[in-house]
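Before I ask anything, here is the structure I am working with.
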Amino acid sequence: AIQMALVDLLKALGVRFHTVIGHSSGELAAAYAAGYIRPQDAMWISYYRGVSTKFAGGRDGRRGTMLAAGLGAAEATVFINRPSLKGRIVIGTSNSPVSVTLSGDLEAVEEARAMLEAEGKFARILKVDNAYHSFHMQACAEPFLNSMVGAKIEILTPAERCEWISSVYGPDRTPTPDELAGPYWRDNMLGSVLFCEGLERAIDGSAFDVALEIGPHPALKASVGQTFKGKSGNGDAIPYSGVLRRGEDDVASFSEALGFLSGSTWDPKLSTSTATPR
């Protein structure tokens, strides 16, 4: 709801989005910003997503959680396939060339943290109550999809040109209207978030003047900078700003973002990565 309100406010002020990329449940806001989904349907999907997570759990009812790790996707793939971790933990999100989130059984996540810390790598367990984007969400899939079918989600034809790069199916596949009416959001909850891959596609596909993170805090700024650095050698290659900041006055933060835009060289093409509040 916050993200969609920010999109509406920015558009009312004349800001137009060239490309949008969502992260986790932030895909809903990205789809809305690109003109594919009505706000009421985005709220229904978000609501049913939350309700369905009561069914989440691992094998034998094991609890789950997530771990931010200083690994790239390729290195993380090797790591999670170590004999002691295989089948117990997966890559939940690919954030940058040097950052992923691992997701799975609580005990496996705790073991993974200890192993990474012993190797001198960054590892931090997230404050979440479920192992999102992992096999822990399998039990949520059917009730979630059934709820969306019952809600009769309506998919729109975008009125304005805006590229939406999927972080669910990957940067080379656009979801169909039938998928967006239900299965896409189920897959969004179950599968890995391909944020880094989507952003790399955006960097390759166009030259952007400025990037905005539409959400309650610029939580993805470091990941975006790392991805730009991996592609161009310069993590500050594009001006970057959030529109709100945690612990700060919202009016002041939003006004600061507008000042940032007015002081940038823009035409106004915006590459927008949408953070997701947990």
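The values are calculated or read from the model by the stated rules, or taken from the named source; none is laboratory data. None of these values were measured; they are calculated from a predicted model. Backbone-built Cβ (ideal geometry, glycine too); neighbour counts: all protein chains shown. For the accessible areas, the whole protein counts, side chains as well, though only heavy atoms, and no ligand, DNA or RNA atoms are used. Shrake-Rupley method; radii C 1.70, N 1.55, O 1.52, S 1.80 Å.
Mind counting the residues in the range 182-209 that are hydrophobic (A, V, I, L, M, F, W, C) and touching a Lys or Arg at 6+ places or on another chain (Cβ under 8 Å)?
Number of matching residues: 4.
Okay, moving on. Taking the range 148-169 as the region of interest, how many residues are over 19 Å from the mean Cα position of the chain (by Cα) and either surrounded by fewer than 19 Cβ atoms within 10 Å (Cβ to Cβ) or farther than 19 Å from Ser46 by Cβ (or both)?
So the count comes out to 12.
Okay, residues lined up against (1) more than 19 Å from Phe195 (Cα to Cα); (2) among the hydroxyl-bearing types (Ser, Thr, Tyr); (3) touching an Asp or Glu at 6+ places or on another chain (Cβ under 8 Å); (4) at pLDDT 95 or above:
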{"position": "Ala68", "(1), (2), (3), (4)": "no, no, no, yes"}
{"position": "Ser103", "(1), (2), (3), (4)": "no, yes, no, yes"}
{"position": "Val109", "(1), (2), (3), (4)": "yes, no, no, yes"}
{"position": "Ala131", "(1), (2), (3), (4)": "no, no, yes, yes"}
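Which pairs do you get when a residue that is free of Cβ contacts under 8 Å to residues at least 60 places away in the same chain, found in the range 36-49, comes within reach of a residue that is open to solvent by 80 Å² or more (accessible area, probe 1.4 Å) and of a type outside the set (A, V, I, L, M, F, W, C), reach meaning Cβ atoms under 6 angstrom, with the pair 6+ apart or on two chains?
Close Cβ pairs satisfying both conditions: none exist.
Further question: Could you check Ala5 against (1) closer than 23 Å to Ala219 by Cβ; (2) assigned to a helix (DSSP H, G or I); (3) more than 19 Å from the chain's Cα centre (by Cα); (4) not aromatic (Phe, Trp, Tyr) and say which number it fails?
Ala5 satisfies all of (1) closer than 23 Å to Ala219 by Cβ; (2) assigned to a helix (DSSP H, G or I); (3) more than 19 Å from the chain's Cα centre (by Cα); (4) not aromatic (Phe, Trp, Tyr) except (3).
With within 14 Å of the chain's Cα centre (by Cα), more than 20 Å from Pro39 (Cβ to Cβ), of a type in the set (D, E, K, R) and open to solvent by less than 60 Å² (accessible area, probe 1.4 Å) as the only criterion, which of Asp209, Asp187 stands out?
One residue alone meets the criteria, Asp187.
Being surrounded by fewer than 21 Cβ atoms within 10 Å (Cβ to Cβ), within 21 Å of Ala222 (Cβ to Cβ) and touching a residue at least 24 places away in the same chain (Cβ under 8 Å) is the filter; apply it to the range 50-96 and report the residue that is nearest to the chain's Cα centre (by Cα).
Across the range 50-96, the extreme among qualifying residues is Ala68.
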